[in-house]
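Peer 1: The following block contains the structure, expressed as structure tokens.
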Amino acid sequence: MDKFIAVVFDSEETAYKGSEALGELHKNGDLVLYAQGVISKDGDGNLDLKKAEDEGPIGTAFGILMGAMVGVLAGPAAVAAGAVVAGSAAAATAAGSGMLVGSMTGGVFGMYRDLWVAGIDASVIEAVSLELEPGKSCLVASIDEVWTAPLDVRVKDLGGTLFRKPRIDVVDDQLTAEMAEFDRELTELDAELDAAADNMSAAISEKVAASKAKIKAAGARIDKRLNDLDAEFDARVAALDAQIETSVDEAKAKFKKRKAEITVDYHERKAKLQKASSLAAEALS
């Protein structure tokens, strides 16, 4: 799985130097840089998403992650008061659709859920929030590393504080478990309807209809997730292939190994989701 990193710097200028350093490490074959962004906090504590890569499927997902992260760092009261500026297309879209504004998403829950969907441990964001004092800036990125030392050295040279965490995808398992539970519920209701007396049939039929509506909605979420999974996998493999093409020796071997791991993980996750999608279609047929 790729890694989420956040590096807090004493100034916005240094954060941009950190962004340039990430690009150089990518160019040198020390890591794969999928997407990155810079969040700044001014002297009054207001957050501004200064820069974010938002092209392609990885960038779009990353932009939503950045929007959620800014919301959590600022707090729902600050977001509702307009203390957050969405500085990228993806984050602006997230803000416009209610992903940043607590009153439109169910408050803090909506923000933390976006982090959960992105596979980010909220405890890391809380640790970043303690470090990101007024006047400081934070470089956030999605990367794959073949070794950790190059990034550690560059961050140390720039005086940054590095937070590094593997992304953990739990959404796929949640979706498949949810569909299995909905299918079980519908099977039990169908059996209950068959055995029910005439005066109970209408009430049970309403429950059956409600259960099917839940299955239809869950099926749509699964199908969207399948499309997103395909797009993100293709984009990550393309980025890895580019590094394999230009890297040498040990780095090339490590990138090839990482590509193989990503491919296996992708096929396993896709198979689970396809099974859940089929379960939804069968339940509704």
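Peer 1: So, of the residues in the range 214-225 that are more than 30 Å from residue 35 (Cβ to Cβ) and touching a Leu at 6+ places or on another chain (Cβ under 8 Å), which turns out to be surrounded by the fewest Cβ atoms within 10 Å (Cβ to Cβ)?
Peer 2: Restricting attention to the range 214-225, the residues satisfying the condition of being more than 30 Å from residue 35 (Cβ to Cβ) are 214-216.
From the residues that got through so far, the ones that are touching a Leu at 6+ places or on another chain (Cβ under 8 Å) too are 215-216.
On the way: 215: 22, 216: 14.
Among them, the one singled out is 216.
Peer 1: Anything in the range 214-233 that is touching a residue at least 12 places away in the same chain (Cβ under 8 Å) and not basic (Lys, Arg)? List them, or say none. Give the steps one after another, and end with the answer.
Peer 2: Within the range 214-233, the first condition is being touching a residue at least 12 places away in the same chain (Cβ under 8 Å), and the residues that meet it are 214-216, 218-219, 221-223, 225-226, 228-233.
215, 218, 219, 222, 223, 226, 228, 229, 230, 231, 232, 233 - these are the residues of the range 214-233 that are touching a residue at least 12 places away in the same chain (Cβ under 8 Å) and not basic (Lys, Arg).
Peer 1: Let me ask something else. Listed residues 205, 201, 211; which is without any contact (Cβ under 8 Å) to a residue 40 or more places away in the chain, of a type in the set (Ser, Thr, Tyr), open to solvent by 50 Å² or more (accessible area, probe 1.4 Å) and more than 21 Å from residue 270 (Cβ to Cβ)? Even if it seems obvious, please write down each step before you answer.
Peer 2: Numbers: 201 fails: open to solvent by 50 Å² or more (accessible area, probe 1.4 Å); 211 fails: open to solvent by 50 Å² or more (accessible area, probe 1.4 Å).
None of the other options fit; the residue is 205.
Peer 1: Answer yes or no: is there a residue in the range 260-276 that is free of Cβ contacts under 8 Å to residues at least 12 places away in the same chain and under 17 Å from residue 145 (Cα atoms). Break it down into steps so the answer makes sense when it comes.
Peer 2: First pass over the range 260-276, keeping only residues free of Cβ contacts under 8 Å to residues at least 12 places away in the same chain: 260-261, 264, 267-268, 271.
Right, trim to under 17 Å from residue 145 (Cα atoms) and you get 260-261.
Scanning the range 260-276 turns up at least one residue that is free of Cβ contacts under 8 Å to residues at least 12 places away in the same chain and under 17 Å from residue 145 (Cα atoms).
Peer 1: Testing residue 41 on (1) modelled with pLDDT under 85; (2) touching a strand residue (DSSP E or B) at 6+ places or on another chain (Cβ under 7 Å), one condition comes back false. Which one is that?
Peer 2: (1)
Peer 1: Moving on. When residues of the range 179-189 are filtered for being without any contact (Cβ under 8 Å) to a residue 60 or more places away in the chain and either within 21 Å of residue 268 (Cα to Cα) or open to solvent by less than 60 Å² (accessible area, probe 1.4 Å) (or both), how many remain? Spell out the reasoning first.
Peer 2: Let us first name the residues in the range 179-189 that are without any contact (Cβ under 8 Å) to a residue 60 or more places away in the chain, namely 181, 184-185, 187-189.
Going one step further and asking which of them are either within 21 Å of residue 268 (Cα to Cα) or open to solvent by less than 60 Å² (accessible area, probe 1.4 Å) (or both), we end up with 181, 185, 189.
Number of matching residues: 3.
Peer 1: Pairs please, first residue from the range 137-163 and over 30 Å from residue 44 (Cβ atoms), second anywhere and crowded, with 23+ Cβ neighbours inside 10 Å and of a type in the set (Gly, Ala, Ser), Cβ atoms under 8 Å, 6+ apart in sequence or on different chains.
Peer 2: 154/18
Peer 1: Keeping to the range 130-153, report how many residues are open to solvent by less than 50 Å² (accessible area, probe 1.4 Å) and outside any loop (DSSP other than H, G, I, E, B).
Peer 2: Going through the range 130-153, the residues open to solvent by less than 50 Å² (accessible area, probe 1.4 Å) turn out to be 132, 135-146, 150-151.
Narrowing further to those that are outside any loop (DSSP other than H, G, I, E, B): 137-145, 150-151.
Count: 11.
Peer 1: In addition: Would you mention how many residues in the range 154-172 are loosely packed, with under 13 Cβ neighbours inside 10 Å and part of a helix (DSSP H, G or I)?
Peer 2: 2
Peer 1: Now for a different question. When the residues of the range 226-285 are narrowed to those that are assigned to a helix (DSSP H, G or I) and among the hydroxyl-bearing types (Ser, Thr, Tyr), which ends up surrounded by the most Cβ atoms within 10 Å (Cβ to Cβ)? Show your work before the answer.
Peer 2: Going residue by residue through the range 226-285, those that are assigned to a helix (DSSP H, G or I) are 226-246, 249-284.
Among the residues that remain, those that are also among the hydroxyl-bearing types (Ser, Thr, Tyr) are: 246, 263, 266, 277-278.
Values: 246: 13, 263: 14, 266: 17, 277: 21, 278: 13.
If we take residues in the range 226-285 being assigned to a helix (DSSP H, G or I) and among the hydroxyl-bearing types (Ser, Thr, Tyr), then 277 is surrounded by the most Cβ atoms within 10 Å (Cβ to Cβ).
The values are calculated or read from the model by the stated rules, or taken from the named source; none is laboratory data. None of the values given here were measured: they were computed from a predicted structure. Quick reminder, even Gly has a Cβ in these numbers, built from the backbone with ideal geometry, and neighbours come from all protein chains shown. These area figures cover heavy atoms from the full protein model, side chains too; ligands, DNA and RNA do not enter into them. Shrake-Rupley method; radii C 1.70, N 1.55, O 1.52, S 1.80 Å.
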